[in-house]
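Shown next, in structure tokens, is the structure this report addresses.
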Amino acid sequence: MKEKIIIKGLALALCTMMAVGCGIEPRESRLNTLWYRRPAANWDEALPVGNGRLGAMVFGRPWAETLQMNEESLWAGCPEDGNAEAAEWIPDIRQHLLAGEIAKANALAEEKLKGDPLRIRSYQTFGELLLTMPDPTGLDAKADPTEQARKEDAGQPEQSAVAGLEYERSLDLMTGIARTGWTANGVRFEREVLASAPDNLLIVHLKADHPGMLNCQVGYYRSIDTKTSVAGPDMLAVDGQIHDEESPGDGPAGDHMRFAARIKAIPTGGNVVAEGDGLTVRGADELTILVAMNTDYSMEDLSFDRSLDPGQLCLDQLKAVEGQAYKALRKRHTDDHQAMMSRVSLSLGDPAMAERPTDERLDSVRAGQEDPALAALYFQYGRYLLMNSSRAPGRLPANLQGIWAKDLKNPWNADFHTNINIQMNYWPAEVGALPECVIPFSNWINAIRTPGRVTARKTFGAQGWTVNHLSNPFGHTSISDDVSWGTFPIAGPWLALHLWEHYRFTLDEDYLREQAFPCMLEAAQFLVSFMVPDEHGWLVTAPSNSPENAYRHPDGNVYRLTYGATMDIEIAQELLQACLDASEVLGSGDPVLDDVRTALGKLPPIRVSQRYGGIQEWIEDYEEVEPGHRHVSHLFGLYPGTTINSHNPELFAAARKTIERRRKYNEDPETRQGSYTGWSRAWMINFYARLMDGQEAGANVQALLAKSTLNNLFDTHPPFQIDGNFGGCAGIAEMLLQSHAGELDLLPALPPTWTDGEVNGLRARGNVGVSLVWKEGKLRKAVLSADENADLTVRYGEEMRQVSLAKGEKQTLKF
């Protein structure tokens, strides 16, 4: 082992010397850094920064830089009540479903359940900040910067663009700073980009190591709905309002969200002047650019607040940092950022691998090479992305792309997709020691209870609240897109379970009392008033579907609409039990709990398919139409649920058969179904972790990196969809620590390729911190810390230990 350590240390030293020799500034460590030797060729290679509310994608172009920017609430559309007045027809639809008359149920549902509008509008880009500098060939510094924006995705900035420049760009996950550095004609240029949460600003800083060498044009570009003007010699004003054109089925047309930015240039040395609709900086030593962005969105109203002045909000944010040097702004940002990111560390594999550019490492993995250290980087990147897309000062949850989206109409509108995707976004939050990242999600869930009550009453004739398969910042809860797969009323109960999980990890009784329990109980109230008895007396949901999947009915036709889908039953089981458990903690005697208790005892059992041997996906043992489907909804009970576990060997074994069948049909390269979508592959990692199969869990981590990861480590569905990043991050944690079954299970699914490693700071249910060290595939040490008094059952393989911890105590266990 000593020889191995010496070789690794020598490799790191050599890499550092090589970096110095080629003009690249040496770093203390690149273990938590993405870095590259060329600029981004397109958006999928750019690097993200964010503060929960503001985001930017940094391309790292030396002479014509693009920062594609976002603000979390800049959405097209407006509030609307799209709920179908279908409550009187629900009994007839149910009757047809329960009688096996699916065609009749389907026809009636298509006629009566359609929302109006049937679709929502998209989350939108805020636009681009354009920084143009004269290059060494003497090209005109006044070249139109908007032309660069139009060419953004043309893939032009290849290696030749930085030939001879001693170039590097990077993203340090621990500081949240994207850096670009290059040398030209003996002058070293450095650019840093960060999104500060404490100051609520996007900040860019440029410097040169020779005085007076910074000459830069600062511009802004957005193709529609904006006006850019000069607001003084050092400031640009951007004012806009989204105008939604007529588009049948997409909601009302008109002038909707108002937004504004103020862009301030602060040179050290030299001067700045306004020219046209841009700013020109000449002869500066350093340059700091502050960008404030705001809209008139109100979370409280799930609507616009026309009393808000987005432009004035920007000026107020700039005024708050007036006179402060970049060094102070940077320190305030890094102190805040590191306080969250540094809570967890993970060391896997060979640290010398970090001295290779990230895209080259990824290429090696695609070619079949193992790189556990890249998996560790991917894990930390997942935490980084969640932290920067869902935290204060942000108020909305992370959407399908977090907060980073380049288009006016993004894939799937970058919406809040509630039939797995937004839920997956938050799987790593608690175990990854980022509990505050759940709060925007929790607050939004509670906010949509109000429109969700309308959906429950008008569409389903039920009490309580719910939402269907997608939503947006305006509280859209009605059936959308297509009745057959948009009808997903179990989404509300699923969302409510996340609030319970937040309590289970934090043991925050005030949160449970004030935020979680009321939401959970009202979601349970929806369930008990919505479910009806089938012919066997079991309580079932009707209508619903198993997300986006279809079955072949004995009548020969293919349908999606159904009743009592297995996922529905598993979610109902989890939520109803959670309400009873929460009521015991709080001493609640709410009369709804009697109905909850009764309903829990009347749910149908989870069945094993006689046709296929796996978990049965529907209430009947229907023929599967797409055996390799990307959704594996009937395994909710395995993960993220808890009802399919090793204590029920029959279901546990059937869950494995379900996965094997899915993979058999989705690993055909011609179809690329199922696990070949990034988020579905990430779900597979979690499934195998719960099955305690480190070999397969590790193989799926490898496949996620090789098949479903872009060069900037974004997950690709395809296209980019951020839930796969979060699901993969959660899966890696689940391989190292599980606490869902009332025990701390240490290294339950360690891959054989992760022979040596260390993780510090993971969190377990019960408000317990866990750090682990393993060597040669065997656990050597576990350090447990408790923020509350805790009596724990600790499992490692077949070994069980009972551990009692007092609040604030830390114990080290040797193995």
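The values are calculated or read from the model by the stated rules, or taken from the named source; none is laboratory data. Please read these numbers as outputs of a predicted model, since none were measured by experiment. Because the Cβ atoms are built from the backbone with ideal geometry, glycine has one as well, and the counts that use them run over all protein chains shown. We work out accessible area using only protein heavy atoms, side chains counted, and drop any ligands, DNA or RNA first. Shrake-Rupley method; radii C 1.70, N 1.55, O 1.52, S 1.80 Å.
Annotations for the structure displayed:
- Top-ranked residue of the range 618-666 - restricted to ones that are open to solvent by 50 Å² or more (accessible area, probe 1.4 Å) and polar (S, T, N, Q), ranked as farthest from residue 765 (Cα to Cα): 648
- For residue 535, the test of being touching a residue at least 60 places away in the same chain (Cβ under 8 Å) and either open to solvent by 40 Å² or more (accessible area, probe 1.4 Å) or within 26 Å of residue 629 (Cβ to Cβ) (or both) is passed.
- Among the residues making up the range 195-216, those that are among the small types (Gly, Ala, Ser), assigned to a strand (DSSP E or B) and buried (at least 21 other Cβ atoms within 10 Å of the Cβ) are 195, 196.
- Taken together, 184, 197 contain a single residue that is farther than 17 Å from residue 265 by Cβ and over 30 Å from the mean Cα position of the chain (by Cα), which is 184.
- Contact annotation: residue pairs with Cβ atoms under 7 Å, 6 or more positions apart or on different chains, pairing a residue in the range 585-600 that is in a helix (DSSP H, G or I) with a partner that is open to solvent by 70 Å² or more (accessible area, probe 1.4 Å), are 585/509; 586/513; 600/577.
Yes/no matrix, rows are residues, columns are (1) in a loop (DSSP other than H, G, I, E, B); (2) at pLDDT 95 or above; (3) under 20 Å from the mean Cα position of the chain (by Cα):
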residue	(1), (2), (3)
730	no, yes, yes
735	no, yes, yes
753	yes, yes, no
761	no, yes, no
779	no, yes, no
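- Test result for residue 311, under 30 Å from residue 473 (Cα atoms) and either touching a residue at least 40 places away in the same chain (Cβ under 8 Å) or in a loop (DSSP other than H, G, I, E, B) (or both): yes
- Boolean, residue 242 is among the hydrophobic types (A, V, I, L, M, F, W, C), open to solvent by less than 30 Å² (accessible area, probe 1.4 Å) and over 30 Å from residue 190 (Cα atoms): yes
- Test: residue in the range 522-530 that is in a helix (DSSP H, G or I) and in contact with a Cys (Cβ under 9 Å, 6 or more places away or on another chain): yes
- Qualifying residue in the range 545-559 (condition: outside any loop (DSSP other than H, G, I, E, B), in contact with a helix residue (DSSP H, G or I) (Cβ under 8 Å, 6 or more places away or on another chain) and within 27 Å of residue 500 (Cβ to Cβ)): no
- Summed over the range 712-728, residues that are in contact with a Phe, Trp or Tyr (Cβ under 8 Å, 6 or more places away or on another chain) and surrounded by fewer than 22 Cβ atoms within 10 Å (Cβ to Cβ) total 1.
- Residue that is farthest from residue 336 (Cα to Cα), among those in the range 351-401 that are in a helix (DSSP H, G or I) and of a type in the set (D, E, K, R): 366
- For the range 392-419, filtered to residues that are of a type in the set (D, E, K, R) and surrounded by fewer than 24 Cβ atoms within 10 Å (Cβ to Cβ), the residue that is nearest to residue 245 (Cα to Cα) is 409.
- Residue within the range 265-284 that is of a type in the set (Val, Ile, Thr), in contact with a helix residue (DSSP H, G or I) (Cβ under 6 Å, 6 or more places away or on another chain) and open to solvent by less than 70 Å² (accessible area, probe 1.4 Å) present: no
- Sole residue being within 27 Å of residue 76 (Cα to Cα) and either modelled with pLDDT of 95 or more or surrounded by fewer than 21 Cβ atoms within 10 Å (Cβ to Cβ) (or both), chosen from 164, 219, 232, 176: 219
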